[in-house]
């Protein structure tokens with residue numbers, strides 16, 4: 001039998017629960033986190049993340065034009081896992097690989113048909129050159145190439161009435177990361193995540209903290225303009241981020257042994273360009289949220305998670321659906337990750353670095369303008 005004291009205990013719990021439900025209705029940020037965050041993560045993991053390689057950009061170089069070479073090239077052009085295109089020379093394909101236009105290219109050498117038809121003791125051979133800066137994709141390209149070659153050679157044996165498929169070997173070569181060490185790929189990408197935290201997450205709390213403390217009203221009472229206020233907030237964090245970047249680069253080189261084939265000038269240009277949208281995004285969030293908790297959650301959703309999942313750091317962008325690939329073009333970390341991997345592993349390839357810097361600066365100009373528009377000019 002329920003006593004009066006027990007009813008009073010349950011009643012107090014019910015009253016407090018009703019009060020908390022009303023508080024959630026007044027401040028919907030908790031409900032947004034509970035409802036939006038799981039759906040957002042499920043959307044990213046379900047549609048945007050894949051360990052498979054699809055539509056891998058592959059080049060084909062035919063150094064001979066025999067029917068066998070053309071038949072093998074046709075097999076690669078029609079392979080569903082490759083987005084293959086022909087190049088007139090090995091040098092042209094090498095330039096495309098260095099410019100990040102390809103993930104690899106296949107060379108069919110001049111003696112391919114001769115060796116194939118002679119069925120001599122030495123097998124016919126093709127060369128597969130892949131971009132080792134993406135170790136997972138490089139191995140997939142080599143394996144897919146072997147699979148297409150095996151299917152084509154079996155079909156050729158059937159067409160010619162051979163008892164066994166002709167012997168054809170693949171000579172794989174991995175550029176920029178010959179040993180396919182994943183650390184060489186992950187450390188530069190991790191630097192991009194660190195800089196995202198410094199640039200977006202920390203600056204997202206700057207103005208919001210002053211709103212909560214009530215110190216921003218005193219600033220509005222002065223002749224300081226919104227542009228001057230934003231500049232005063234950006235400059236210290238810009239210098240802090242540059243110092244952090246220097247420490248990360250030195251740690252990558254001397255602590256983790258990542259090869260550094262570029263220049264510090266290229267690193268400085270990339271970092272300065274990336275900090276423009278990162279700091280602008282943080283100040284935009286901070287000015288709009290006016291609350292440190294909400295600002296930190298927005299920075300997590302819009303800054304850190306996209307940088308980790310949709311920048312190409314962990315998952316190949318070419319394997320993502322077209323709508324997700326379109327979204328990645330608006331993520332500054334995508335260009336920063338590509339630029340860092342290029343500087344560390346390939347060198348100062350300005351065909352890759354210059355477009356990345358310009359795109360980051362363009363995104364930074366937009367985000368900084370929005371932050372200026374959102375920042376109040378006076379006390380409301």
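Every number here is computed from the coordinates shown, using simple stated rules; none is lab data. Bear in mind that the values here come from a model prediction, so they are computed numbers and not experimental data. Glycine gets a Cβ as well: all are built from the backbone with ideal geometry, and neighbour counts include every protein chain shown.
Please list the three semi-axes, largest first and in whole Å, of the ellipsoid equivalent to the range 291-367, using sqrt of 5 times the eigenvalues of its alpha carbon gyration tensor.
The answer is 23, 15, 12 Å, longest axis first.
So for the pair residue 25, residue 330, with labels modelled 7 Å out along Cα→Cβ, what separation do we get in nm?
Spacing of the two 7 Å Cα→Cβ label points: 3.3 nm.
Per q in 0.09, 0.12, 0.13 Å⁻¹, report the Debye log10 I(q)/I(0) for the range 56-175, using one uniform scatterer on each alpha carbon and no solvent.
The calculated log intensity ratios at q = 0.09, 0.12, 0.13 Å⁻¹ are -0.22, -0.40, -0.47.
Report the extension gain between residue 265 and residue 91 in nm, rounded to one decimal, defined as 0.36 nm multiplied by the number of residues separating them, less their alpha carbon distance.
59.9 nm
With each pseudo-label sitting 7 Å past Cα toward Cβ, what's the residue 290-residue 178 distance in nm, one decimal?
Each label point is offset 7 Å from its Cα along the Cβ direction, giving 6.1 nm.
Taking the Cβ-Cβ separation of residue 369 and residue 16 as r and a Förster radius of 56 Å, what is the calculated FRET efficiency to the nearest 0.05?
About 0.80, to the nearest 0.05.
Between residue 314 and residue 117, what length comes free when the chain is fully extended (0.36 nm per residue of separation minus the Cα-Cα distance, one decimal in nm)?
Contour length minus Cα-Cα distance gives 66.6 nm.
Between residue 143 and residue 215, what FRET efficiency comes out of the Förster formula 1/(1 + (r/R0)^6) with R0 = 51 Å and r the beta carbon distance, rounded to 0.05? Intermediate results must be reported in sequence, preceding the final value.
Details: r = 59 Å, r/R0 = 1.16.
So, using R0 = 51 Å, E works out to roughly 0.30.
What FRET efficiency would be calculated for the residue pair residue 159, residue 83, taking the C-beta separation as r and a Förster radius of 22 Å, to the nearest 0.05?
After rounding, the FRET efficiency stands at 0.25.
Ranking 22, 290 by Cβ neighbours within 10 Å, fewest first, what do you get?
Values: 22 10, 290 16.
Ascending Cβ contact count within 10 Å gives the list 22, 290.
Just rank 375, 271, 329, fewest to most, by other beta-carbon atoms within 10 angstrom.
Lowest count first: 329, 375, 271.
Taking every pair of distinct Cα atoms and averaging 1/r, then inverting, what Kirkwood hydrodynamic radius in Å comes out for the range 182-374?
17.0 Å
Arranged by the count of other C-beta atoms within 10 angstrom, fewest first, what order do 57, 181 take?
On the way: 57 20, 181 16.
Starting with the residue having the fewest Cβ neighbours, the order is 181, 57.
Kirkwood Rh over alpha-carbon pairs of the range 329-380, then Stokes-Einstein at 10 °C and 1.306 mPa s: what D in µm² s⁻¹, rounded to an integer? Could you put the intermediate results ahead of the total?
Values: Rh = 12.6 Å.
Approximately 126 µm²/s, per Stokes-Einstein.
I need the P(r) histogram for the range 142-279: all alpha carbon pairs, bin width 5 Å from 0 out to the longest distance, whole percents.
Pair shares across the bins are 2, 8, 13, 13, 10, 8, 7, 7, 7, 6, 5, 4, 3, 3, 2, 1, 1, 0, 0.
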